[in-house]
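*Asks:* Okay, handing you the structure first.
The values are calculated or read from the model by the stated rules, or taken from the named source; none is laboratory data. Fair warning: this is a prediction, and the values are worked out from it, not measured in the lab. Backbone-built Cβ (ideal geometry, glycine too); neighbour counts: all protein chains shown.
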């Protein structure tokens, strides 16, 4: 038996370990995740619904290849913008990746901010066929096109306030799906989610990063300014040149939808940037709301200095994963990084 086969055999009969780091956009997940991954012999699985798409790099704050510092990253650049990708797709592919990483004696480490994707993976949500109605879906798409995403979102909020709170108006695809669930089953999407068994198939550790709201908003605005300097407008222009339909996921993505309006002449550059900053602040608020509804999250103040955050995470992990993995050393962990 090879060493790889032996490690896989050891996993049989017990839950594989899974570390998850969540938090709102711009809170500092990426830099922290690299230090944690190097210290705990981990491989990172992206938990971001937009980073799966090739060519969507700047607007999704996708980590560059030369910034990964030797840490393997998974579920990034696995779809073309024309292709669909769902929470069920993510759950299936991430679960397979987790078993592969754990089977090689490493720690699977999910990092991201897409609440539904991460929660469905952590607790093995069952994505049974809830029924579909193509005519209803087309009707809702036409309604959104004619009246705007906010009007469509208001229809969802009226029948399913919890889903309305969690889903952004610009997330037209998921808003329509939530309305379709109610239309076809008579049960709200939130009721179906709450009915899921909240029992994890993993030896799970959930860590959440939070931050003073004013500081977070300032970081969001600074990040958007940096994205624009890096060429976000040209990135959106290249996507528009692919002639994707307006309902395509990338065209509804935060950062792309707003800049696309400017490029189509629907608003000024300054108005598009202001809209993007506003929408991103709202998005961060919704992310925090989603994660605060999840149980078992160990919250860490991301405003702490880098060493303090590393020490806090080490304290959380030391008693949980020591049996699974050989921790590199306390000193190497604390020396693993110095910035956000």
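*Asks:* Give 163, 157, 151 a once-over and let me know the one that is free of Cβ contacts under 8 Å to residues at least 40 places away in the same chain, surrounded by 21 or more Cβ atoms within 10 Å (Cβ to Cβ) and in contact with a helix residue (DSSP H, G or I) (Cβ under 9 Å, 6 or more places away or on another chain).
*Replies:* Values: 157 fails: surrounded by 21 or more Cβ atoms within 10 Å (Cβ to Cβ); 151 fails: surrounded by 21 or more Cβ atoms within 10 Å (Cβ to Cβ).
None of the other options fit; the residue is 163.
*Asks:* Any idea which of (1) at pLDDT 80 or above; (2) surrounded by fewer than 19 Cβ atoms within 10 Å (Cβ to Cβ) is the one residue 144 doesn't satisfy?
*Replies:* Result: residue 144 passes all but (2).
*Asks:* Right, next: Quick check, is residue 218 in the same structural domain as residue 113 (by TED's automatic domain parsing) and either on the phi < 0 side of the Ramachandran plot or assigned to a strand (DSSP E or B) (or both)?
*Replies:* yes
*Asks:* Could you please give the count of residues in segment 241-258 that are part of a helix (DSSP H, G or I) and free of Cβ contacts under 8 Å to residues at least 60 places away in the same chain?
*Replies:* 3
*Asks:* Additional query: Being closer than 15 Å to residue 118 by Cα, assigned to a helix (DSSP H, G or I) and touching a strand residue (DSSP E or B) at 6+ places or on another chain (Cβ under 6 Å) is the filter here; which residues of segment 271-315 pass it?
*Replies:* Selection gives 291 alone.
*Asks:* OK, next. Name the residues in segment 62-101 that are at positive phi and in contact with a helix residue (DSSP H, G or I) (Cβ under 7 Å, 6 or more places away or on another chain), would you?
*Replies:* Of segment 62-101, the ones at positive phi are 69-70, 75, 77.
Of everything in segment 62-101, those that are at positive phi and in contact with a helix residue (DSSP H, G or I) (Cβ under 7 Å, 6 or more places away or on another chain) turn out to be 69, 75.
*Asks:* Run residue 198 past the list (1) modelled with pLDDT of 95 or more; (2) part of a loop (DSSP other than H, G, I, E, B) and report the number of the one that doesn't hold.
*Replies:* Every condition holds for residue 198 apart from (1).
*Asks:* Quick one: count up the residues across segment 73-97 that are closer than 15 Å to residue 201 by Cβ and touching a strand residue (DSSP E or B) at 6+ places or on another chain (Cβ under 7 Å).
*Replies:* Of the residues in that region, 2 qualify.
*Asks:* Picking from 82, 43, 67, which residue would you name as being surrounded by fewer than 21 Cβ atoms within 10 Å (Cβ to Cβ) and closer than 21 Å to residue 250 by Cβ?
*Replies:* Details: 43 fails: closer than 21 Å to residue 250 by Cβ; 67 fails: closer than 21 Å to residue 250 by Cβ.
Every option except 82 fails the conditions.
*Asks:* Further question on the same structure: Taking the conditions exactly as written (assigned by TED's automatic domain parsing to the domain that holds residue 167 and surrounded by 19 or more Cβ atoms within 10 Å (Cβ to Cβ)), does residue 188 satisfy them or not?
*Replies:* Yes; evaluated as a whole, the condition is true for this residue.
*Asks:* What residue, of 183, 168, is surrounded by 14 or more Cβ atoms within 10 Å (Cβ to Cβ), outside the structural domain of residue 310 (by TED's automatic domain parsing) and in a helix (DSSP H, G or I)?
*Replies:* Checking each option against the conditions leaves just 183.
*Asks:* Kindly establish whether residue 138 is without any contact (Cβ under 8 Å) to a residue 60 or more places away in the chain and over 22 Å from residue 293 (Cβ atoms). Spell out the reasoning first.
*Replies:* Numbers: without any contact (Cβ under 8 Å) to a residue 60 or more places away in the chain: yes; over 22 Å from residue 293 (Cβ atoms): yes.
Here the answer is yes, as residue 138 does meet what is asked.
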